[in-house]
Structure formats: C-alpha cells, structure tokens
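Just so you know, all these numbers are worked out from the coordinates, no wet-lab data involved. All values derive from a computational prediction rather than experimental measurement.
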Amino acid sequence: MNITNGGQVSNSSSGIVGSSVGASGTVTVNGAGSTWTCNGLNIGSSGSGVLTITNGGAYTATPIAISGYWPVATGTVTVDGPSSSWNNSGILYVGYNGNGTLCINNAE
C-alpha cells in the first residue's frame, strides 16, 4: 500500500502487514500531509512486513505497535527524513518473539 501526495488512510481496527506465515507486505507513507492512522499495528505478524515513512509522512497508532510478533516473523519500520514521524501512544514492541527493526534516520 502506498500513501503519497497528502493521501490519508484511517482504519478503526488494527493495521496488519505480513499477516500469515509466508506472507509479505509493504506500506509506504511518503510526503508532507500523507498519513496512516489506525488502532494498533502489527508489522510482520507471522510473515514479513515493512513500513517506511519518508519525506514528512506520518504514522499514528493507538494503543500498540509491534514488529516481529511470532517467532517466524520479521518486521521492519523505517522513519526517514525531516518532519517524518512515528507516533505511538501505547506499548511499543520491536522483535516481540520474532525479528524486529526500528530505524529513525535524518531527523531534524
């Protein structure tokens, strides 16, 4: 899923990227005004998930954000560039049981 050029996605339930064993998914939030908001997030639940936030894009989750939930899972989140943001108002797990990576680069 690509959210660009000021696009906005909002869901009232959890966002899941890479849900099942063998599955893979990628979400990109790119550009000022581009946002993804959801009630919980799982990047790499049982599969492989990637979330990339760049060039002023923003992601907001409540109450929980997870990378690499199950032992076979891999989750990667990258926040890169000035004004790009990752906002999490609850617990943050990175590599809960699987392999998780959170990278924040080139912040102002």
So for the chain, what are the equivalent ellipsoid semi-axes in whole Å, largest first, each being the square root of 5 times an eigenvalue of the Cα gyration tensor? 21, 14, 13
Note, the range 10-18: 3J(HN,Hα) by Karplus (6.51, -1.76, 1.60, θ = phi - 60°), whole Hz, Gly/Pro = x, goes 9, 10, 7, 10, 5, x, 10, 10, x
What are the ³J(HN,Hα) couplings of the range 28-42, residue after residue, when phi is run through the Karplus curve with 6.51, -1.76, 1.60 and θ = phi - 60°? Round to Hz, x for glycine and proline. 10, 10, 10, x, 4, x, 7, 9, 10, 10, 8, 9, x, 8, 9
Relative contact order (percent) for the range 23-108, with alpha-carbon contacts under 8 angstrom and 6 or more residues of separation? 28
Across Val79, Val94, Val21, the residue with the highest GNM fluctuation in the chain (Cα network, 10 Å cutoff) is Val21
Across Ser83, Ser48, Ser34, the residue with the highest GNM fluctuation in the chain (Cα network, 10 Å cutoff) is Ser83
Additional length obtainable on full extension of the chain from Val21 to Met1, 0.36 nm per residue less Cα span: 5.3 nm
Over the C-alpha atoms of the range 7-58, what are the Rg and the largest Cα-to-Cα span, Dmax, in Å? 11.3, 34
